[in-house]
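Novice: Input: one structure, supplied below.
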Amino acid sequence: MYPFARMVYQLAVTRNAPSLPVTGTHVSHHRCWPWDIDLWMELNNGRTLTFYDLGRIPLARRTGLVELLRKQRWGLTMAGASVRYRARIRAFERVEMLSRVVGWDDRFIYLEQSMWKGQTCCNQIVYRSAVTDRTGIVTMDRVAEALGIDRQSPPLPDWVQAWIDADAVRPWPPAR
């Protein structure tokens with residue numbers, strides 16, 4: 001089940017947090033509870049993706065995106081992700097999550113998130129997200145204008161651009 005109570009909590013603890021620039025970093029803290037673990041007694045890989053929601057939505061709120069989505073009656077959807085897992089998160093361990101927008105192109109916003117135990121990065125994800133309306137994807141020119149930010153993205157990190165390029169040649173639909 002989706003952790004609605006945790007999302008409400010994260011939004012509550014950040015309600016008075018200062019605004020962030022669109023490329024600012026949102027820092028949040030989370031605990032792995034017994035219902036988050038898998039058979040190997042560590043944070044379940046699917047639950048990891050749900051944890052990332054708990055950082056991404058407050059980030060969107062602090063950058064003004066949530067307010068804009070409501071005002072324009074736009075939505076937000078995920079269009080791709082690539083995850084790297086490197087260290088286990090066990091029950092009752094606390095992690096620090098860093099969430100930030102790294103840039104955008106004509107159609108998508110690219111976000112990077114990571115979970116840390118002290119100086120150890122446990123996992124990291126890059127997301128491709130799209131703002132949508134009733135007709136489909138809203139161009140980033142429209143989103144940038146509505147947010148009052150520069151339409152030109154900061155340069156994407158080389159590794160993000162390489163992921164975009166690799167994904168562009170990935171066959172779709174996949175073979176059955």
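Laboratory data are not the source of any read-out in this text; all were calculated from the coordinates shown. Because the structure is predicted, anything quoted here is derived from the model rather than measured. We place every Cβ from the backbone using ideal geometry, glycine too, and count neighbours over all the protein chains shown.
Novice: Quick one: net charge of PRO3's neighbours, Cβ under 15 Å, K/R +1, D/E -1?
Specialist: For residues surrounding PRO3, the net value is +2.
Novice: Oh, and also: Which three semi-axes in whole Å describe the equivalent ellipsoid of the chain, each the square root of 5 times a Cα gyration tensor eigenvalue, listed largest first?
Specialist: The equivalent ellipsoid of the chain has semi-axes of 27, 21, 15 Å.
Novice: Treating only the Cβ of Lys, Arg, Asp and Glu as charged (+1, +1, -1, -1), what charge dipole size does segment 54-144 show about its Cα centre? Round to the nearest 20 debye.
Specialist: 320 debye
Novice: May I ask you to work out the translational diffusion coefficient for segment 52-147 at 20 °C, viscosity 1.002 mPa s, via Stokes-Einstein with Rh from the Kirkwood sum over Cα pairs, reported in whole µm²/s?
Specialist: Here the translational diffusion coefficient equals 149 µm²/s.
Novice: Normalised by the residues of the chain, what does the relative contact order come to in percent, with Cα pairs under 8 Å and at least six apart? Kindly include the intermediate steps, with their values, before the conclusion.
Specialist: Values: 273 pairs, mean separation 37.7, N = 176.
So the answer I get is 21 percent.
Novice: HN-Hα J couplings of segment 40-53 from phi, Karplus 6.51/-1.76/1.60, θ = phi - 60°, integer Hz, Gly and Pro as x?
Specialist: Per residue, the Karplus-derived 3J(HN,Hα) values read 9, 6, 9, 3, 4, 4, x, 5, 4, 5, 5, 4, 4, 4 Hz.
Novice: Using a simple spin-label model with points 7 Å from Cα along the Cα→Cβ vector, what separation in nm is obtained for TRP33 and LEU76?
Specialist: Taking the simple label geometry, TRP33 and LEU76 are separated by 2.3 nm.
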